[in-house]
Structures are given as C-alpha cells and as structure tokens.
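What follows is calculated from the coordinates using simple rules that are stated; it is not laboratory data. Fair warning: this is a prediction, and the values are worked out from it, not measured in the lab. Every residue, glycine among them, receives a Cβ derived from its backbone with ideal geometry; neighbour counts consider all protein chains shown.
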Amino acid sequence: MNISPHENDFGAAIEGVDLSKALSAEEVSQIRRAWLRYRMVYFPDQPMTHEQLEKFSLAIGSFGDDPYVRAIDGHPHIVEVRREPEEDVPLFGGTWHSDWSFQKTPPNATILHAKIIPPVGGDTHYCDGVRAFSALDSAMQARLEGLHALHSARKPYSHEGVKAGGGDRRSMTLLPSDKALSIQRHPMVRTHPETGEKVLWVNPLYTIGVDGLSEKEGEALLGELFEHMKAPEFIYRHRWRENMLGMWDNRCVMHSAQGGYAGHRRVLHRLTVAGSAPY
Ligand code: SIN
C-alpha cells in the first residue's frame, strides 16, 4: 500500500489496495493508522458496488445511525448525496459541520464514495480541529476546556428548517422531525479517544449555543471560534474524482460541501461509522 500524505500532513492519498476485496487485518490496520494520523484519507480509482462499500465500512467499524435523510432502497446505511444540474436549493452539507454532532454518540468516521463528479466545482473542504485548538492562545484554551456547547439538528432538519432549505424541490429526500428540536450537550474541547489529541469541537451548522452563557454571549464566542477555524492553515480543499473513496475522522474534522457546478450533476454515496460519546 502506498500512502502519500500532503505536505502539512492533513490529508493523504492511499493507493495500491483494492477496497472491493476483503481486506486483511494488516491492511485495515494500515488504513486506520493513516486515517488517524492524516484525518482525511482518500483512495482514487475504487469502483465498488453497494455491498462492497458496506463491507469496507464494516471493516472500519459498525454502521452509524443516520437520521433525517432517506437511504438507498435495500441499503439502509447508504445515503445518496445527489444534486441535479438544475437544482437551486441550498447545498446538502454546504454549511461547515461535523456529521451528526447533535447525537449523543456522533460517528467516528464518514465515508463518501464518488459516483458522478462535475467537471468544475463540487469540492469538499475540511477543517482540522486539532490544529485549530492548538493555535488558540492558552487563556482561550483554558476557558474553552471548562465549557460545554449545545448541539441540535433543528436548523437543517426541523419541519421549519427543511421547508426553508427547499425540501420539496430537493432531489434528496429529507425526513424532517420534531426530534430535530432536541439538544445535546458536548464538551467544546474533546479529547480524541484514540490519539489523545485535544480538538476544538464546535461547528456552525449544529452548535447552537454554549451551556451557562447567555444567547448573546454564546453567539459571540461561537462566532469568534468559527472565524478562527476558517483560517487557511487549518483547511484542506479536496477535489473528487469518479470512483474515489474518501474517509475522514469526524471526531477531529469538520467539513463543508462546495458549489460551483450549476448545470452539472453530482452524486456520492455516504455511510457513517458509529462512534462514542465525546469527552
Ligand atoms: C456531507 O456533508 O456529508 C456531504 C459532503 C459533500 O457532499 O461534499
């Protein structure tokens, strides 16, 4: 297996392995080590069936729980991220987020398998929460380590949220629910359970406030952190190719889907790998 990390060690291409076949324990362990170290790994040229994609995902860990979006018929853990050429609703995944951070146990990993990629645009941007945390000054680090944030799916997945996001005009079927109004409390700085690294773990889509702060104070603090996280030194801009499989560590990376491909179709298949409660 050839692992080619990016210059700054955020992101790595992995070649010389066939993900459509059963992987040996050593191959899985090499892939896991690279994923933990480089946070976003991608495998070019990996044509895979739904079943092969599911098997690869299960080699990394058990399936996550994916609410609010209808899965592919017969494959309840694969969601098709699809946008048609004429679609004009907000992008699915277009606001920075960590997948399902409103869950008690958000996913460890997200896997995307590219099926149709437009000739321009449609990249995904990734932000490294470990670098973002370590670049804060020590007073801010100490302050954040004592705080918990409030996460909720209400902005995109409440009935109001889905309506505002053009739900009935979307090619993907979103499943709004009152459950999206519930709130989950998580530490603002989590410790990565496998690497021990400290991660700044808030995101603009699902983090809606800070426990113990007024709405105004919480908004001000979160706004400052979101601005900080967008600094170019924490960001990796990923260009997809058809049949490429990407997998990121959702415990330390947030991401956002980019547009710029009006008039073209974009289709990727997505699975999540179950995780544990952040601490
Ligand atoms: C997602 O947020 O899960 C989708 C990302 C993308 O479409 O690039």
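Kindly evaluate GLU242 against the criterion of being closer than 28 Å to GLU15 by Cα, more than 16 Å from the ligand (Cβ to nearest atom) and touching a residue at least 24 places away in the same chain (Cβ under 8 Å). In short, no. For segment 156-191, the candidate set comprises residues that are within 12 Å of VAL89 (Cα to Cα) and among the aliphatic types (A, V, I, L, M); within that set, the residue that is surrounded by the most Cβ atoms within 10 Å (Cβ to Cβ) is VAL162. Residue count for segment 188-209 satisfying the condition of being of a type in the set (Val, Ile, Thr) and in a loop (DSSP other than H, G, I, E, B): 2. Considering (1) within 15 Å of the ligand (Cβ to nearest atom); (2) touching a Pro at 6+ places or on another chain (Cβ under 9 Å); (3) charged (D, E, K, R), the lone condition that ARG251 does not fulfil carries the number (1). Filtering segment 31-39 for residues that are part of a helix (DSSP H, G or I), without any contact (Cβ under 8 Å) to a residue 60 or more places away in the chain and aromatic (Phe, Trp, Tyr) leaves a non-empty set. Considering segment 251-279, the residues that are of a type in the set (D, E, K, R) and not in a loop (DSSP other than H, G, I, E, B) include one that is surrounded by the fewest Cβ atoms within 10 Å (Cβ to Cβ), namely ARG270. Among the residues of segment 245-272, those that are over 17 Å from TYR68 (Cβ atoms) and either without any contact (Cβ under 8 Å) to a residue 12 or more places away in the chain or among the charged types (D, E, K, R) (or both) comprise ASP249, ARG251, ARG265, ARG266.
Looking at SER138, SER152, SER134, SER158, which one is among the hydroxyl-bearing types (Ser, Thr, Tyr) and over 21 Å from the mean Cα position of the chain (by Cα)? Lay out the reasoning, then the answer.
Working: SER152 fails: over 21 Å from the mean Cα position of the chain (by Cα); SER134 fails: over 21 Å from the mean Cα position of the chain (by Cα); SER158 fails: over 21 Å from the mean Cα position of the chain (by Cα).
Sole residue among the options that is among the hydroxyl-bearing types (Ser, Thr, Tyr) and over 21 Å from the mean Cα position of the chain (by Cα): SER138.
For segment 221-233, taking the residues that are in contact (Cβ under 8 Å) with a residue 24 or more places away in the chain and either charged (D, E, K, R) or under 12 Å from MET40 (Cβ atoms) (or both), the one that is nearest to the ligand (Cβ to nearest atom) is identified as LYS230.
Only one of the numbered conditions (1) within 15 Å of the ligand (Cβ to nearest atom); (2) assigned to a loop (DSSP other than H, G, I, E, B); (3) closer than 20 Å to TYR236 by Cβ is violated by GLN46, and that is (1). Can you confirm whether VAL81 is under 15 Å from the mean Cα position of the chain (by Cα) and either within 16 Å of the ligand (Cβ to nearest atom) or in a loop (DSSP other than H, G, I, E, B) (or both)? Against the criterion (under 15 Å from the mean Cα position of the chain (by Cα) and either within 16 Å of the ligand (Cβ to nearest atom) or in a loop (DSSP other than H, G, I, E, B) (or both)), VAL81 qualifies. Scan segment 228-250 for residues that are surrounded by fewer than 14 Cβ atoms within 10 Å (Cβ to Cβ) and touching a Lys or Arg at 6+ places or on another chain (Cβ under 8 Å) and report the count. Total satisfying the criteria: 1.
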